[in-house]
Every structure is written in structure tokens, then in C-alpha cells.
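The structure under discussion appears below in the form of C-alpha cells.
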Amino acid sequence: MAIPEKYKNVERWAFGDTERQADELVKLVLDGVKTATCSNLDAEGIPQPGDVFVVVDGKNEPVCAIELTTVEMSTFDRVDEAHARAEGEGDRTLAYWRNEHKRFFEAYDLFSSDMTLVLMHFRVIEKF
């Protein structure tokens, strides 16, 4: 799959932590269901609205480019139903979001209920 030249050096993101999950979540992005994500606050810095990323599938193949539209900080325990719904996963409830993200962050020894998260909303700007 050819990626446009303008995206050759753009940071790549895979959603989820397995090949299958990455494939499922990128499909939700392409279908317009998943319009948000989050990450733990780390030394990488905080992305800004307007930043562009290439989303890859489970085989690390580029699928689309996204542009961040909003970036906010929150603690895990203060993430709301609206953000959980925008992440588009599972049944799109806050309960599902909390269970799945707690599992994800615990797997990397990062979880605490007051951990700082970077909440990002995005839009697809180009499909490959």
C-alpha cells in the first residue's frame, strides 16, 4: 500500500495492543465511529491540535492520516461518558472504557486511578 510522500516522515500510531485490536480499531476510525483516543502522560511531550499522525493496522501498514482537533488533560477517574463514547470501543459506555483502559495500562505497569491522561479527538484527513 503506497503512502503519500507528505506522510513519509509522520509519526505512526497503532491503536490497541494486539494485531487484531489494531485492525478492529482502525476500522472504527475509517467508519467514523472512533474519533478520540488517549495516552498516558509521558516524556514524549503533549501533542497539539493540528498535529498529524498516520494510523496503521495490525500489520503496521498505513491506513489513513488523522489530524488532532482537540487535546485535553484529565485524570483516569475523571474521564467522562462523552469521551468514552468518542473512543468508539466496545459498547461505547464509560464502564467498558474504564475496564478496557485499566487492563491496558495495568499491562504496562502504568495504571492508577489518578494517572494523568492526554485525551485527544481527531478527524481523518486522508485514507490510503
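Can you say whether THR37 is open to solvent by 30 Å² or more (accessible area, probe 1.4 Å), on the phi < 0 side of the Ramachandran plot, among the β-branched types (Val, Ile, Thr) and not in a helix (DSSP H, G or I), as far as the supplied structure shows? Reasoning before the result, please.
Values: open to solvent by 30 Å² or more (accessible area, probe 1.4 Å): no; on the phi < 0 side of the Ramachandran plot: yes; among the β-branched types (Val, Ile, Thr): yes; not in a helix (DSSP H, G or I): yes.
No.
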Quick test for you: out of LYS102, LYS127, pick the one residue that is closer than 25 Å to GLN48 by Cβ and among the basic types (Lys, Arg).
LYS127
Pairs under 7 Å by beta carbon, first residue open to solvent by 50 Å² or more (accessible area, probe 1.4 Å) in region 70-83, partner charged (D, E, K, R), six or more apart or different chains?
ASP77/ASP114
Just checking, how many residues over region 94-128 are of a type outside the set (A, V, I, L, M), touching an Asp or Glu at 6+ places or on another chain (Cβ under 7 Å) and farther than 21 Å from THR18 by Cα?
4
Looking across region 14-32 at residues that are under 12 Å from the mean Cα position of the chain (by Cα) and open to solvent by 40 Å² or more (accessible area, probe 1.4 Å), the single one that is nearest to ALA65 (Cα to Cα) is ALA14
Just to verify a result, which residue in region 40-52, among those that are farther than 16 Å from ILE66 by Cα and small (Gly, Ala, Ser), is surrounded by the most Cβ atoms within 10 Å (Cβ to Cβ)?
GLY45
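The values are calculated or read from the model by the stated rules, or taken from the named source; none is laboratory data. Since the model is a prediction, treat every value here as computed from it, not as a measurement. Counting neighbours? That spans all protein chains shown, and the Cβs are built from the backbone with ideal geometry, glycine included. For the accessible areas, the whole protein counts, side chains as well, though only heavy atoms, and no ligand, DNA or RNA atoms are used. Shrake-Rupley method; radii C 1.70, N 1.55, O 1.52, S 1.80 Å.
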